[in-house]
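Trainee: I'd like to ask you about the structure that follows.
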Amino acid sequence: MNTKIIRLGEIDSTNRYLREYHEEDEAEMVVAVADFQTAGKGQGAHTWESESGKNLLFSIKVHPSWVPVRSQFVLSMAEALALKDALDSYVDGITLKWPNDVYWNDKKISGTLIETSVDSMGIKTCIFGTGINVNQTTFFSDAPNPVSLAQILGHEVDREELLQQVLDAFAKYYELLRRADYQDVSGIYHLSLYRRKGYHRYEDAEGAFDGALVEVEDDGHLVLHDKKGVIRSYAFGELKYL
């Protein structure tokens, strides 16, 4: 996959950089990598804590115009699986927490903010802004459960090598989507999900309940069933993991 990598020192946001970046070349994928972000964002109003030069902070920009808008969450699946593939080569226990987090056991090691641009013709651009906790060993924010590779392994990891592993894996899954192999990508994603088996505690607008995973639909909705057998479907932000 034809890829252009742009290396940045300190910047407000790699997502913002790629939103405003207009390609003058033929690269299918443009990647912006920063040592530090002054305005790194997570989902909603959350920020992403990262010590300068310690972690992997990058955004990937692609133009998947051939993915139907109604199925756009398969792009999130592909990027999440790429992160899992790369991290699997270092540690066991990596799972994907809906919608866009990567977990090691019950701790968060990576998060992604996805920005998709759509017009009347379909998807124009998709930007995946990802942070992976790599070599940071102390976290100061009020995030409840961060963990890094260095904390797990007891030694630092080559960030450049990890980035290349992610990009290679993403190219593999992106090619599956190009061939419209959505079921293959979705199948692997479902096998990789956090809380894939059994009942777990959740909370929605009506209160707490025990739910079991049914599926994540291609449009991104998470489907659970509770112990009464009632099917519950959730969009982003409508469900809390307890």
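The values are calculated or read from the model by the stated rules, or taken from the named source; none is laboratory data. Predicted model only: the values in this text are computed from it and were never measured. In this analysis, Cβ positions are derived from the backbone assuming ideal geometry, glycine residues included, and neighbour counts consider all displayed protein chains. In case anyone asks, the SASA skips ligands and DNA or RNA and just uses the protein heavy atoms, side chains included. Shrake-Rupley method; radii C 1.70, N 1.55, O 1.52, S 1.80 Å.
Trainee: Students often check this: by mean Cβ neighbours within 10 Å, which of 1-14, 81-94, 109-122 ranks highest, and how do the rest follow?
Mentor: Order by mean packing, descending: 81-94, 109-122, 1-14.
Trainee: To continue, here is another question. What is the sum of charges around T3, taking Lys and Arg as +1, Asp and Glu as -1, for the other residues whose C-beta is under 12 Å from the C-beta of T3?
Mentor: Taking every Cβ under 12 Å from that of T3, the sum is -3.
Trainee: Just to confirm, what accessible area per residue do you get for the stretch 10-158 at 1.4 Å probe, in whole Å²?
Mentor: 44
Trainee: Compute a Gaussian network model of the chain, connecting alpha carbons closer than 10 Å, and tell me which residue from D218, D210, D25 fluctuates the most.
Mentor: With Cα springs under 10 Å in the chain, the top fluctuation among D218, D210, D25 is at D25.
Trainee: A further question on this structure: From the C-alpha gyration tensor of the stretch 164-209, pull out the three semi-axes of the equivalent ellipsoid (sqrt of 5λ each), sorted largest to smallest, in whole Å.
Mentor: One finds semi-axes of 31, 13, 11 Å for the stretch 164-209.
Trainee: Still on this structure, please answer the following. Beyond 27 Å between alpha-carbons counts as too far, so tell me which of K172/K227; K61/K97; K124/K197; K4/K84 fall in that bin.
Mentor: Beyond 27 Å between Cα atoms: K172/K227; K124/K197.
Trainee: Under 5 Å between amide hydrogens, which residues at least 5 positions from I6 or on another chain qualify, with H placed 1.01 Å from N in the peptide plane?
Mentor: Under 5 Å from the amide H of I6: V31, A32, V33.
Trainee: Considering Cα pairs under 8 angstrom that are at least six residues apart, work out the relative contact order of the chain and quote it in whole percent.
Mentor: 17
Trainee: So what does log10 I(q)/I(0) come out to for the chain at q = 0.17 Å⁻¹, using the Debye formula with one equal point on every Cα and no solvent?
Mentor: -1.37
Trainee: Per 5 Å bin, what percent of the C-alpha pairs of the stretch 46-190 does each bin hold, from zero upward?
Mentor: Over the stretch 46-190, the share of Cα pairs per 5 Å bin runs 2, 10, 20, 23, 19, 13, 8, 4, 1, 0, 0 percent.
Trainee: Specify, per residue and in Å³, the volume enclosed by the convex hull of the alpha carbon atoms belonging to the stretch 176-242.
Mentor: 87
Trainee: Additional query: Stokes-Einstein diffusion coefficient for the stretch 58-139 at 20 °C in a medium of 1.002 mPa s, Rh from the Kirkwood formula over Cα pairs: what value in µm²/s?
Mentor: Roughly 157 µm²/s, to the nearest whole number.
Trainee: May I pose another question? Obtain the nm distance between the two label points defined at F236 and D158 by a simple spin-label model: each point lies 7 Å from its Cα along the Cα-to-C-beta direction.
Mentor: Here the modelled spin labels are 3.4 nm apart.
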